[in-house]
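*Asks:* I'd like to ask some things about the structure below.
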Amino acid sequence: MAITLFGKQFQGIIFDMDGTMVNNMMAHHRAWQRKLAALGMELSIEEVLERIHGVNEEILKRLFGDRFTAEERKQISWEKEAEYRAVFKEGLALLPGLEDFLEELHQSEIPMAVGTAAPVENVDFVLDELDLRRYFGAIRHAGDVSRGKPDPQVFELAAEALSVPLQECLIFEDSPTGAEAAERAGCSAVILTTTHQAAEFSNRNNILHFMEDFSSIAAL
């Protein structure tokens with residue numbers, strides 16, 4: 001089966017999660033800001049937006065070098081994510097229109113996957129709290145990859161699990177890093193402007209469309 005979206009035909013759909021399926025990025029940013037402050041690194045929320053992207057342990061390695069051991073980085077990452085889940089649980093919801101879009105794709109038998117830099121605990125938190133697992137033939141997360149975005153590894157693994165050629169997949173993302181990963185994967189992308197504005201994406205040729213949420217996509 002295939003579907004035509006934004007003037008192109010696709011055999012599969014891959015969704016990033018944070019900022020794409022749920023508008024949770026500010027909860028993540030605030031959690032990072034507080035955790036980094038506790039570690040002695042004071043960043044403004046603007047600096048967090050600019051510098052904090054990718055897999056948690058890679059972020060900590062990039063920011064602190066060898067200050068922490070691998071085990072300490074794991075523990076810090078766990079503490080940050082636990083704080084995020086506690087903060088976000090009350091407001092957990094899909095972006096407007098996404099539930100209807102997922103159901104439409106499901107009824108049309110379009111293979112769907114999640115390809116996210118989030119840790120498995122956060123993926124389980126979102127998918128189970130919102131009862132979404134039935135829609136996805138593959139779920140790939142930070143624990144499945146050795147290289148975080150902008151490396152396209154998570155998308156490669158997701159497409160492989162769907163048995164769909166990666167270049168035949170449309171990727172929904174929200175960040176410049178995710179858009180770059182999609183471009184490096186040879187994939188078209190649609191960007192949710194939950195966290196970043198269109199001007200931040202450097203006119204990447206693989207981006208088909210920018211949108212605030214999924215409320216208008218059923219009309220395409």
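The values are calculated or read from the model by the stated rules, or taken from the named source; none is laboratory data. Computed from a prediction, not measured in an experiment: that's the story for all the values here. As a convention, Cβ positions derive from the backbone with ideal geometry for all residues, glycine included, and neighbour counts pool all protein chains shown.
*Asks:* Kindly indicate the residue of the range 23-37 that is in contact with a helix residue (DSSP H, G or I) (Cβ under 6 Å, 6 or more places away or on another chain) and aliphatic (A, V, I, L, M) and also nearest to MET112 (Cα to Cα) among those meeting that condition.
*Replies:* Filtering the range 23-37 for residues in contact with a helix residue (DSSP H, G or I) (Cβ under 6 Å, 6 or more places away or on another chain) gives 24, 27-29, 31-33, 35.
Within this subset, residues satisfying the condition of being aliphatic (A, V, I, L, M) are 27, 31.
Working: ALA27: 26, ALA31: 30 Å.
Restricting to residues being in contact with a helix residue (DSSP H, G or I) (Cβ under 6 Å, 6 or more places away or on another chain) and aliphatic (A, V, I, L, M), the top hit is ALA27.
*Asks:* Among SER175, SER146, which is the only one that is buried (at least 23 other Cβ atoms within 10 Å of the Cβ), out of contact with any Lys or Arg (no Cβ under 6 Å at 6 or more places or on another chain) and either assigned by TED's automatic domain parsing to the domain that holds GLN107 or closer than 21 Å to GLN107 by Cα (or both)?
*Replies:* SER175
*Asks:* Residue under question is VAL154, and the condition is that it be β-branched (Val, Ile, Thr) and farther than 23 Å from ILE191 by Cβ; does it hold?
*Replies:* no
*Asks:* Taking the criterion of being farther than 20 Å from SER175 by Cβ, surrounded by 14 or more Cβ atoms within 10 Å (Cβ to Cβ), over 18 Å from the mean Cα position of the chain (by Cα) and free of Cβ contacts under 8 Å to residues at least 60 places away in the same chain, would at least one residue in the range 63-72 satisfy it?
*Replies:* The answer is yes; a qualifying residue exists.
*Asks:* Hey, could you check the range 142-198 for residues that are aliphatic (A, V, I, L, M) and part of a loop (DSSP other than H, G, I, E, B) and say which is farthest from the chain's Cα centre (by Cα)? Lay out the reasoning, then the answer.
*Replies:* Kept after step one, since they are aliphatic (A, V, I, L, M), are these residues of the range 142-198: 142, 145, 154, 157-159, 161-162, 164, 166, 170-171, 179, 181-182, 185, 189-192, 198.
So of that shortlist, the ones also part of a loop (DSSP other than H, G, I, E, B) come out as 145, 164, 185.
Details: VAL145: 14, VAL164: 20, ALA185: 15 Å.
Once the filter is applied, the top-ranked residue is VAL164.
*Asks:* Ok, one more. Considering each residue of the range 67-106, count those that are in a loop (DSSP other than H, G, I, E, B) and modelled with pLDDT of 95 or more, and give that number.
*Replies:* Residues flagged as in a loop (DSSP other than H, G, I, E, B) and modelled with pLDDT of 95 or more within the range 67-106 amount to 6.
*Asks:* From the list GLU90, GLU104, GLU83, exactly one residue is buried (at least 17 other Cβ atoms within 10 Å of the Cβ) and of a type in the set (Asp, Glu). Which is it?
*Replies:* Within the list GLU90, GLU104, GLU83, the selection yields GLU83.
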